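Accompanying notes for the structure given below.
The values are calculated or read from the model by the stated rules, or taken from the named source; none is laboratory data. The structure displayed is predicted, hence computed values, not measured ones. Ideal geometry is used to build each Cβ from the backbone, glycine not excepted, and the neighbour counts take in all protein chains shown.
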Amino acid sequence: MAIFYHLVGFTDASAFLVVYLILSAHVLLVSNLAELAVYISPNMEVAEILGMVVNLITFLFAGFSPPAASGVKWIYHINPLTYALSAASASLFGDCPSDTSGSIGCTHMMNVLPSVPEDITVKTYLKSNFGVKHDEIARNSLILVAFVVFFRILTLLAMRFLNFQKK
């Protein structure tokens with residue numbers, strides 16, 4: 001990730017650190033979910049299917065593209081991927097300390113769709129269309145860490161109380 005970060009034009013070291021920590025927490029979360037699926041399933045095939053379904057639902061209801069429908073908005077709010085994507089996007093694209101700053105968030109978007117206002121910055125576009133706010137990076141990161149701890153506790157409880165061995 002360190003090599004590709006600079007190749008695509010990102011230069012802020014603090015944003016790199018934030019994105020790295022968020023992606024690391026998300027990988028840890030997915031690992032904990034996979035481990036939980038193994039411990040609550042009677043065999044490996046069921047665990048694989050359960051993991052596939054959980055990943056499918058997670059990606060489908062992240063709510064950014066297409067936006068989540070009103071009937072399934074609750075899935076959007078309990079989805080850990082939502083918080084990881086929001087925090088990473090806000091860290092990379094949502095920072096605009098001043099209009100004269102050279103950060104990506106201050107850049108005015110060009111060749112936009114007719115439904116998007118002409119003179120809009122990347123930060124404003126993220127905030128208005130996706131609800132991604134730079135001020136919520138810490139909140140979203142803490143929610144992601146809480147998900148990691150929650151699924152780790154569920155995994156430990158499953159290891160302690162579930163046993164699929166036949167006697």
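Could you please give the count of residues in the stretch 1-17 that are within 18 Å of the chain's Cα centre (by Cα), modelled with pLDDT of 80 or more and more than 13 Å from SER103 (Cα to Cα)?
Count: 2.
Has the stretch 77-95 got at least one residue that is more than 23 Å from LEU29 (Cα to Cα) and not in a helix (DSSP H, G or I)?
yes
Does at least one position in the stretch 78-87 carry a residue that is β-branched (Val, Ile, Thr), farther than 18 Å from ASP12 by Cα and either loosely packed, with under 14 Cβ neighbours inside 10 Å or out of contact with any His (no Cβ under 9 Å at 6 or more places or on another chain) (or both)?
Yes, there is a match, as at least one residue in the stretch 78-87 is β-branched (Val, Ile, Thr), farther than 18 Å from ASP12 by Cα and either loosely packed, with under 14 Cβ neighbours inside 10 Å or out of contact with any His (no Cβ under 9 Å at 6 or more places or on another chain) (or both).
Check whether at least one residue in the stretch 74-82 is touching a Leu at 6+ places or on another chain (Cβ under 6 Å) and of a type in the set (A, V, I, L, M), and report yes or no.
no
Given the conditions (1) surrounded by fewer than 14 Cβ atoms within 10 Å (Cβ to Cβ); (2) part of a helix (DSSP H, G or I), report the number of the one that MET159 does not fulfil.
(1)
Being touching a Gly at 6+ places or on another chain (Cβ under 6 Å) and either modelled with pLDDT of 90 or more or farther than 30 Å from TYR39 by Cα (or both) is true for just one of LEU126, LEU92. Which residue is that?
LEU126
How about the stretch 34-67: which of its residues are under 30 Å from SER14 (Cβ atoms) and outside any helix (DSSP H, G or I)?
ALA62, GLY63, PHE64, SER65, PRO67
Among the residues of the stretch 132-152, are any basic (Lys, Arg) and not in a helix (DSSP H, G or I)?
yes
Determine which single condition PHE164 fails, assuming it passes every other condition in (1) in contact (Cβ under 8 Å) with a residue 60 or more places away in the chain; (2) farther than 27 Å from VAL18 by Cβ; (3) assigned to a helix (DSSP H, G or I).
Going through the list (1) in contact (Cβ under 8 Å) with a residue 60 or more places away in the chain; (2) farther than 27 Å from VAL18 by Cβ; (3) assigned to a helix (DSSP H, G or I), PHE164 breaks only (3).
Which of the residues spanning the stretch 96-128 are touching a residue at least 12 places away in the same chain (Cβ under 8 Å), surrounded by 14 or more Cβ atoms within 10 Å (Cβ to Cβ) and either outside any helix (DSSP H, G or I) or polar (S, T, N, Q) (or both)?
Within the stretch 96-128, CYS96, SER103, THR107, MET109, ILE120, THR121 qualify.
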